[in-house]
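Enquirer: My structure is below; once you've seen it, I'll send some questions.
The values are calculated or read from the model by the stated rules, or taken from the named source; none is laboratory data. Owing to the predicted nature of the structure, the values given are computational and were not obtained by experimental measurement. FYI the Cβ positions are ideal-geometry reconstructions off the backbone, even for glycines, and counts take in every protein chain you see. Ligands, DNA and RNA are stripped out before the accessible areas are found, and what is left, the full protein with its side chains, is counted by its heavy atoms. Shrake-Rupley method; radii C 1.70, N 1.55, O 1.52, S 1.80 Å.
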Amino acid sequence: VPTTMSSDGRIVAYVYADGHVSVQNVTASHELWHREIPDDGHEDECINVRGPMKFSPDGEALLTARWNGETFRIYGYDAVTGICLGKSPRYKTAIKGLAITADHVVYFWDSAGVIRAWKAGENREQLRFHWPLTTTQNQAT
């Protein structure tokens, strides 16, 4: 079961095989929120995690890489309430890893070897690194 824990160790998130996510307060031993894949197809109301997930350094946000059958997208959720805080542009290659800074800039890499930067809450890239090393700014795919 894919799992991630906040840096202070108080909140843990894990994913079931069907993409259902559960977020638990470890110290209080109770579930904060969970999401399941809805039958009505409202994409923004669910998390179908098919990639990495990570808490922000302050533990206030949970990032997930989501697959909708055609594209990947990163979603940011309030770690305590589960409210969607933002989503990245869509990508056709699998997102393999995530890192997030204290000011909520998300760095992620895909299966094609491209590293991208996205500011949570914006629907555009901040920076993209290609191999061999070149950079492009503000160009979403």
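Enquirer: Accessible surface of Ile95 in the full protein assembly, 1.4 angstrom probe, to the nearest 10 Å²?
Expert: Roughly 10 Å² of Ile95 is accessible to a 1.4 Å probe.
Enquirer: So, one more: Accessible area, 1.4 Å probe, largest first: how do Glu31, Glu125 sort?
Expert: So the residues, ranked largest to smallest area, are Glu31, Glu125.
Enquirer: Related question: Cα to Cα, under 17 Å, and not fewer than 8 places away if on the same chain: which lysines meet these conditions relative to Lys54?
Expert: Cross-link targets: Lys87, Lys96, Lys119.
Enquirer: If you take the charge dipole of segment 49-117 about its Cα centre, with +1 on Lys and Arg Cβ and -1 on Asp and Glu Cβ, which of Ala61, Leu85, Gly113 is farthest toward its positive end?
Expert: So the residue furthest toward the plus end is Gly113.
Enquirer: Once phi is turned into ³J(HN,Hα) by the Karplus curve 6.51 cos²θ - 1.76 cosθ + 1.60 with θ = phi - 60°, what whole-Hz value does each residue of segment 21-29 show in order, with x for glycine and proline?
Expert: 10, 10, 10, 10, 8, 5, 5, 9, 6
Enquirer: Please give the peptides 19-26, 62-69 ranked by average Cβ packing (other Cβ atoms within 10 Å per residue), highest first, as a rough proxy for protection.
Expert: Final packing ranking: 62-69, 19-26.
Enquirer: Taking θ = phi - 60°, what integer Hz values does the Karplus form 6.51 cos²θ - 1.76 cosθ + 1.60 yield along segment 93-106, in sequence order, with x for Gly and Pro?
Expert: Each residue's phi maps through the Karplus curve to give 9, 5, 7, 9, x, 9, 9, 9, 8, 4, 8, 6, 8, 9 Hz.
Enquirer: At 7 Å along the Cα-to-beta-carbon direction for both Thr3 and Cys84, put a label point, then send me their distance in nm to one decimal.
Expert: Placing both labels 7 Å beyond Cα along the Cβ direction yields 2.9 nm.
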